1. Which residue, Gly287, Gly279, Gly175, tops the fluctuation ranking in a GNM of the chain built on C-alpha contacts under 10 Å?
2. May I ask for the net charge around Val264, where only other residues with Cβ less than 15 Å from the Cβ of Val264 are counted and Lys, Arg are +1 while Asp, Glu are -1?
3. Arranged by the count of other C-beta atoms within 10 angstrom, fewest first, what order do Glu80, Glu271 take?
4. Report the normalised scattering of the range 1-97 as log10 I(q)/I(0) at q = 0.19, 0.22, 0.24, 0.25 Å⁻¹, calculated by the Debye formula with identical scatterers on the alpha carbons.
5. Using the Cα centre of the range 72-134 as the reference point, and only Cβ charges (+1 on K/R, -1 on D/E), how large is the resulting charge dipole? Debye, rounded to the nearest 20.
6. Tyr84: net charge of surrounding residues, Cβ under 14 Å, Lys/Arg +1, Asp/Glu -1, itself excluded?
7. Search the structure for amide H atoms under 5 Å from the amide H of Gly175, placed 1.01 Å from N in the peptide plane, and list their residues when 5 or more places away or on another chain.
8. Give the range of the longest stretch in the chain that excludes all trypsin sites (Lys or Arg not before Pro) found in loop regions by DSSP and having at most 12 other beta-carbon atoms within 10 Å.
Amino acid sequence: MSEQPPAHPHPAYPVGLRLTGRRVVVLGGGQVAQRRLPWLITAGADITLVSPSATPSVEAMVTAGELRWERRRYEEGDLEGAWYVVVASSDSEANDRASAEAERLRVWCVRSDDADAATALTPATGRSAGVTVAVLSTDVHGRDPRRSAAVRDAVVEGLRDGTITARQHRTRAPGVALVGGGPGDPDLITVKGRRLLAEADVVIADRLGPRDLLDELPPHVEVIDAAKIPYGRFMAQEAINQALIEHAKAGKAVVRLKGGDPFVFGRGMEEAEALAAAGIPCTVVPGISSSISVPGAAGIPVTHRGVAHEFTVVSGHVAPDDERSLVDWAALARLRGTLVILMGVDKIGAIARALMDHGRDGTTPVALVQEGTTAAQRRVDATLATVAETVAAEDVRPPAVIVVGEVVAVAGRPAADPAVNLQ
């Protein structure tokens with residue numbers, strides 16, 4: 001028996017459709033439509049859904065006014081005036097009739113049930129950094145959608161994490177990105193943060209930023225340790241602000257890499273305000289705050305049903321009896337929830353005394369998580385009454401996140417391996 005020739009001896013011609021304001025008809029409201037509709041909505045298409053039923057997610061799109069829904073089966077004439085049609089119903093007879101109408105009207109038609117009967121194919125599509133990646137199989141003897149999806153995923157992930165670099169060649173406006181690097185593990189930076197790092201000309205980094213990421217930067221990238229910027233007549237923060245402005249005005253793509261989140265005790269707003277005053281565009285990329293992620297990595301939930309309904313994050317860099325302190329320690333002592341203290345290792349004795357003086361029980365569990373999410377992570381447990389002597393005896397050093405509250409004892413002491421805790 002001889003092999004049958006392929007239905008389409010030539011590969012599909014790739015093209016991008018501008019569907020803004022143009023009529024698009026989708027037949028069927030099931031899982032296929034649920035996957036296709038968001039892209040059509042993003043493209044600005046004028047969408048009509050024809051289907052007796054729809055998934056809850058598709059119904060939500062209708063409720064939000066993102067498309068119109070004709071709650072019935074396909075009828076001849078439904079494709080009149082359409083530019084594009086997606087045939088994705090479970091009614092094969094209706095699909096055939098709709099496909100035939102599309103052919104007569106010369107409307108590009110995608111068939112989810114029979115790609116050989118379609119006049120258009122939907123590529124495996126993804127987006128990253130202002131680029132749409134669309135992959136179609138060119139094998140005329142048989143399409144392999146899983147391979148197309150795998151190629152798409154590999155390219156998009158590479159663009160996102162910086163392993164595939166495609167630098168912009170058009171003139172760029174000067175600008176600075178304030179990037180939260182997360183708690184320390186380089187895998188915990190956001191996708192956008194990692195991409196901007198890969199595109200940077202200059203990176204001004206804090207010591208608490210994810211240092212491993214700096215080793216991945218190309219040789220031409222200038223990496224500046226914020227702690228070593230010459231201060232001269234400036235205070236430390238003013239000198240950093242000035243460095244950001246000067247490099248941006250020189251036409252460089254500048255990333256200010258911080259640990260955690262730029263706006264959680266990171267002075268990010270001070271830098272954003274200085275850049276705004278100098279007329280420099282600023283992009284803020286939030287980061288995973290150590291206040292939540294580090295306790296989580298050590299097996300401590302900051303909230304837990306029946307134990308803690310709130311958590312409060314405070315800075316401990318100023319002692320409770322210091323006139324510069326803005327923290328109401330008396331109010332914090334009265335709370336029943338979790339207290340997370342950042343930058344408080346050297347002041348924890350005074351902090352514990354203040355909390356107990358204002359009524360917090362000395363037996364309240366306390367955990368200190370040093371170098372959270374990194375290979376050097378370790379957890380030391382104590383109580384409010386013993387935490388000062390425990391810190392001294394165990395030689396706990398910054399950076400460490402301190403958790404005060406009953407959540408510390410929820411799951412007992414977990415394994416010390418941060419790779420295990422993070423899974």
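Any read-out appearing in this document is the output of simple, stated calculations on the displayed coordinates, not a laboratory observation. These figures come from a predicted structure and were not determined experimentally. We place every Cβ from the backbone using ideal geometry, glycine too, and count neighbours over all the protein chains shown.
1. Most flexible of the set in this elastic network: Gly279.
2. Net of charged neighbours comes to -1.
3. The order, fewest Cβ neighbours first, is Glu80, Glu271.
4. So the normalised log intensities work out to -0.91, -1.13, -1.27, -1.35.
5. Rounded to the nearest 20 debye, it is 380 debye.
6. +1
7. Val254
8. So the longest stretch without any such site is 337-423.
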